[in-house]
Structure formats: structure tokens, C-alpha cells
Amino acid sequence: MYKITTADKFLWEGISLDGKLVLEGGTSWGNTTDLIAEKISANGWKTRLISVDVDESHFAEVEERLRDKFHELILRKADLSNLDFISQNSVDVIICNYTLSSVNQFPFRAIKALKEFYRILKPGGKLLITEEMPIWAVESRDYEYWSKRLRIIKSISVLKAMAHFNEIHPQDLEEVMSTLGFKDILRQEFKEIIDAEMATKFLDKRKQTLIKGQDDLQNEHLTKGFVELTEKLVEAFENAKEFSAPAYIIKADK
Ligand SMILES: C[S@@+](CC[C@H](N)C(=O)[O-])C[C@H]1O[C@@H](n2cnc3c(N)ncnc32)[C@H](O)[C@@H]1O
């Protein structure tokens, strides 16, 4: 979704995708698909990738851009909590970046997705997850833009009765993964760098949702307040170009 700088070294340490079947959770614009393709090209690996998203709107452009990089590339519209088209013990590596918090907009669905990840992984297969920290677990002063942006987006979503992403604390995620049977769980926290232009686009989209449907809230002060907050932050983003966000990677084996 954004131009993100990950903790690349930790993420890829000990991972080879050569001759492997890989599942990517959450294709979106294909940022992580690009990252996987780069690794494959740099290492001369032959990799089959199944990339899954509930929203297929970017599949055509991702396929066009990356088809030739993979031994086989399958883009599949599906919910990660139900991967019944993939047989058990068949996948070598699962890479799920910035997607579990989105699956988690519906309570328990992230647990169902993790259960599916466990089922389809081969014994010894690897699960790599990257996520942002929950907003409540971080000192907002240290991540001013990130914190304000998330609070505005989530508040507008709540006001409009829309589901919104729910970040998972790494300790909770580790406990659930361990309960499901994952072992050798490793974690690293890091600061990611987010491109301000992309971040602004999403913020503006939420503002438009609020403005368009302002009648159903029947309070113009509320709408005006959020529009003002959003526009001030967009102005600040324009000067900042990029901003940092607290994130973590969790790696585990089946
Ligand atoms: C933040 S984007 C993913 C970003 C991408 N992986 C990256 O690294 O830049 C989250 C994606 O998860 C998808 N998504 C949300 N819930 C899902 C679910 N239950 N099953 C599959 N995809 C889901 C959304 O459609 C969205 O494209």
C-alpha cells in the first residue's frame, strides 16, 4: 500500500524460496509481491507464488508487472480465513505483510486465517508476518503523524459504521500462534518509513467518505471538525514527505 522500508535483513535471514511454493497474504498494490520478485531475481530462484486478496482490483496490474518474475504466479480472490482451495501440508513459506490487522477488522477472523496458515504449511514450513504496532501500545509523541493519521481514519470509520483495521500486539499474536502449534517464534520490532504522498491519498479517501455521507450524521460541526483535522495533517505531510511508524516482524515454523 505504501512505499515501506522493512527490516529486510531479519525478514529474509535463513529464507530461500528456490523451488518453493509460497503464499502471499494480502496482494493489494503488490508492494510485497514486488519485494518477493526482487529477492527471486537477485538470487536466481525459481518460485511459485499464490497471492491472495479479497479485493481483486489490483490483480491485472500486478500480473502484468510481475508475471515473468515467477516460475508461476497465481492471483486468487479469496478470504485468508478460508483457503480451502489449497491442500494441507503443501506450502513452503507464507508471507503476510500489513494484512493481518486488516483481516482483524472482523473479530476472530485473523485467528481463523492463522489456523489456515498452519493447516496449509508443510511441517517445517515458515510463516513471516509484518505488522504495525497497535496505536495504544506506542507513545504517540514519538510517531506524531502516524498516530494522528490512524486516529482520524479510525474515527471516521467508526462514525460511518465501517469496519476498520485493528492492529494486533506482537505478544498477543505470538501467544495465539503458539496455541495453534507454531514453534521457534522470533520477533523484531523496527521503525518503518512511509511515503507521505501515499498515506495522504488514503486519508483523503476517508475524508471524502465523511463529506459525501454527512447527512446521515446530522451534525455539521462534527464533519467540519474532521475535515479541518484531515486538511491540517495533509498540509503537515506535504512538508514532511515521509514519516515513520512502529512495526514488527514475527517469524515462526510449523
Ligand atoms: C494494507 S493492504 C496489504 C499491503 C501489502 N501486503 C503490502 O505489503 O504492501 C491489506 C490488504 O488485505 C486485504 N484483505 C483484508 N482482509 C482480507 C481477508 N480477510 N482476506 C484476504 N485479504 C484481505 C485488503 O483487501 C488489502 O488489499
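The values are calculated or read from the model by the stated rules, or taken from the named source; none is laboratory data. These numbers come from a predicted model, not from an experiment. Methodologically, a virtual Cβ is constructed for each residue, glycine included, from the backbone with ideal geometry; neighbour enumeration extends over all protein chains shown. For accessibility, only protein heavy atoms count, side chains too; no ligands or nucleic acids. Shrake-Rupley method; radii C 1.70, N 1.55, O 1.52, S 1.80 Å.
When only residues in the stretch 212-254 that are more than 27 Å from the chain's Cα centre (by Cα) and among the hydrophobic types (A, V, I, L, M, F, W, C) count, which is most open to solvent (accessible area, probe 1.4 Å)?
The extreme case among them is Leu222.
Please indicate, with yes or no, whether at least one residue in the stretch 42-58 is of a type in the set (S, T, N, Q), within 19 Å of Leu128 (Cβ to Cβ) and away from the ligand (no atom under 11 Å from the Cβ).
Residues of the stretch 42-58 that are of a type in the set (S, T, N, Q), as a first pass: 43, 47, 51, 57.
Those left that are additionally within 19 Å of Leu128 (Cβ to Cβ): 43, 47, 51.
Subsequent filtering for residues that are away from the ligand (no atom under 11 Å from the Cβ) retains 43, 47.
Yes, the stretch 42-58 contains a residue that is of a type in the set (S, T, N, Q), within 19 Å of Leu128 (Cβ to Cβ) and away from the ligand (no atom under 11 Å from the Cβ).
Out of all the residues in the stretch 22-31, is one or more assigned to a strand (DSSP E or B), more than 9 Å from the ligand (Cβ to nearest atom) and either surrounded by 14 or more Cβ atoms within 10 Å (Cβ to Cβ) or within 15 Å of the chain's Cα centre (by Cα) (or both)?
Yes, the conditions are met somewhere in the stretch 22-31.
Mind listing whichever residues of the stretch 137-169 are within 14 Å of Ser101 (Cβ to Cβ) and of a type outside the set (A, V, I, L, M)?
Trp146, Lys154, Ser157, His164, Phe165, Asn166, Glu167, His169
For Leu203, only one of the following conditions fails: (1) open to solvent by less than 20 Å² (accessible area, probe 1.4 Å); (2) over 26 Å from Leu233 (Cα atoms); (3) more than 16 Å from the chain's Cα centre (by Cα). What is its number?
Against the list (1) open to solvent by less than 20 Å² (accessible area, probe 1.4 Å); (2) over 26 Å from Leu233 (Cα atoms); (3) more than 16 Å from the chain's Cα centre (by Cα), Leu203 comes up short only on (2).
In the set Lys191, Lys207, which member is part of a helix (DSSP H, G or I) and touching a helix residue (DSSP H, G or I) at 6+ places or on another chain (Cβ under 9 Å)?
Details: Lys191 fails: part of a helix (DSSP H, G or I).
Every option except Lys207 fails the conditions.
In this structure, does Val138 turn out to be open to solvent by 20 Å² or more (accessible area, probe 1.4 Å), of a type in the set (Val, Ile, Thr) and away from the ligand (no atom under 16 Å from the Cβ)?
Yes; evaluated as a whole, the condition is true for this residue.
Going by the conditions given, is Arg151 more than 11 Å from the ligand (Cβ to nearest atom), out of contact with any Cys (no Cβ under 7 Å at 6 or more places or on another chain), open to solvent by 30 Å² or more (accessible area, probe 1.4 Å) and more than 27 Å from Ile194 (Cβ to Cβ)?
When the stated conditions are applied, Arg151 does not pass them.
Out of the residues in the stretch 91-114 meeting the condition of being open to solvent by 20 Å² or more (accessible area, probe 1.4 Å) and part of a loop (DSSP other than H, G, I, E, B), tell me which one is nearest to the ligand (Cβ to nearest atom).
If we take residues in the stretch 91-114 being open to solvent by 20 Å² or more (accessible area, probe 1.4 Å) and part of a loop (DSSP other than H, G, I, E, B), then Tyr98 is nearest to the ligand (Cβ to nearest atom).
Out of the stretch 59-90, which residues are buried (at least 19 other Cβ atoms within 10 Å of the Cβ) and within 8 Å of the ligand (Cβ to nearest atom)?
Leu80
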